[in-house]
């Protein structure tokens, strides 16, 4: 593969070293497990968490005479992903044998795609920031290719003092290997890229993106160079299954390579592992090249060919993707780019928000979802799907604010009650006497009482109009926060003779 540098050197991203600035070059090879009920070439289940060696067919175990049969849905999922990445869909692709030996690979080879992948070049737009001015920068990251391949099994080395165990449940599970171009220049860009890619896959429903279960993991290629120079020798960090670890691995590896080069040494092209406990990478083996795998077309599989009509049919049924949804929310609801980005960051959050916002003020709904709901979920360590407050309940709270039945402050108390106890917000307001006081006569009486009790402050307020806020606070306190704040403010200013 010929690597082409598509980005202009950016001084903001240079790393200072003892001998001058350095630039990090990063590319990611992401392995995404295809969301399907059966494996790529067999009917065995892909269920996660099954007993070891429970989901293994004769094909997966490489029994003599067993032949692979392509799973049509896995092919469709790869095409959907390619369309979501704005990539070229190749109507003809070829499956190859990638030959290597490992105990959890019964065939002695992996069925993959080499020269002729199912998906060609595409792109992802990532946002990096905010900077010290609160601005985000959009950066285009190129996709080199997406190809289908079967996963290997799992070797377990820590359950016996002298033996290793092999679990073949994962063997033959369909993977999409999504290879980026070497367009990333910092750990933050790489983290933004993998986050955005995972979001797209989840929107499409082609991969669940659960990194903790191994269904999304990345091989991270890192090299360094003097700004604008030739590409340096890259090292590949294998199977990193956490966005945070990807960032840490890049930072460590870049510093390691810079130190070697500044000391007059050379970088060995090799495969490395990241140790999250020590926060460092360590050598695993020398890096293989394509010829080491002795690729050749799999003789048991014909070339994969399909018509454009099938691609068009799949394209018609794609969901709205994050960038399109973000632009629509900004255009239709007047949301800021920052708020819209948060709301579309996960499909579940976007779905929740759109249920709350339907028929209501979009900016108010966004404020409550982002600041109140997501803030509370972050505090408690819960996901949006675990929220004790449903979209319907939050929507009813906003309706009560709009009708004037409750103030913003009462709404926050009501939200906490619904979070802790559940229930219908309207009934809770009625049963607990939480309705806002809108009777101007009752409010006026309270205002008069506070002013009469504080004549000195009342006189000062005529010279310092900002003191009106103190009286408003006292009235709100006296009414238990139930008085209408706008009515209180108006009456206080009238009684004190403050204009405006």
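What follows draws every value from the coordinates through simple rules; no lab data is involved. What you see is a predicted model, and the numbers here were worked out from it, not measured in a lab. Using ideal geometry, Cβ is built from the backbone for each residue, glycine included, and neighbour counts are taken over all protein chains shown.
Between the helical axis of 72-84 and the longest alpha-carbon principal axis of the chain there is an angle of about 60 degrees.
From its DSSP helices (H runs of at least four residues, each -39,500 (n - 2.57)), the chain gives a residue-normalised ellipticity at 222 nm of -11000 deg cm²/dmol.
Among 126, 370, 178, the ranking by other beta carbons within 10 Å of each residue's beta carbon, starting with the fewest, stands as 370, 126, 178. Estimated from the Cβ-Cβ distance and a Förster radius of 35 angstrom, the FRET efficiency linking residue 72 and residue 348 is about 0.80. By the beta-carbon count within 10 Å of each Cβ, the least crowded to most crowded order of 434, 184, fewest first, is 434, 184. Taking the three principal axes of the alpha carbon atoms in region 1-74, the coordinate ranges are 59, 29, 24 Å, sorted in descending order. Fewest neighbouring Cβ atoms within 10 Å first, the residues 274, 415, 101 line up as 101, 415, 274. Entry note, region 11-310: relative contact order of 23 percent, from Cα contacts under 8 Å with a spacing of 6+ residues.
Pairwise Cα distances in region 11-310 exceed 26 Å in 48 percent of cases. Between residue 494 and residue 460, residue separation times 0.36 nm minus the direct Cα-Cα distance comes to 10.7 nm.
On a full-extension model of 0.36 nm per residue, what is the gain between residue 327 and residue 383, subtracting their alpha-carbon distance, rounded to one decimal in nm?
Using 0.36 nm per residue and subtracting the Cα-Cα distance, I get 17.7 nm.
Label-to-label distance for residue 284 and residue 230 is 2.8 nm, based on points extended 7 Å past Cα in the beta-carbon direction.
Here the label points at residue 363 and residue 242, each 7 Å from Cα along the C-beta direction, are separated by 4.0 nm in the simple model. When the alpha carbon gyration tensor of region 41-104 is reduced to an equivalent ellipsoid, its three semi-axes come out at 27, 17, 12 angstrom, largest first.
Using 0.36 nm times the number of residues separating residue 470 and residue 271, minus their current alpha carbon distance, what extension gain do you get?
The span from residue 470 to residue 271 would gain 65.0 nm if fully extended.
The angle between the Cα long axis of helix 391-403 and the longest principal axis of the Cα atoms of the chain comes to about 30 degrees, rounded to the nearest 10.
Rounded if a/c is under 1.5, else prolate if a/b beats b/c, else oblate: with a ≥ b ≥ c from the C-alpha gyration tensor eigenvalues square-rooted, which is region 193-342?
Numbers: a/c = 2.26, a/b = 1.36, b/c = 1.66.
Oblate.
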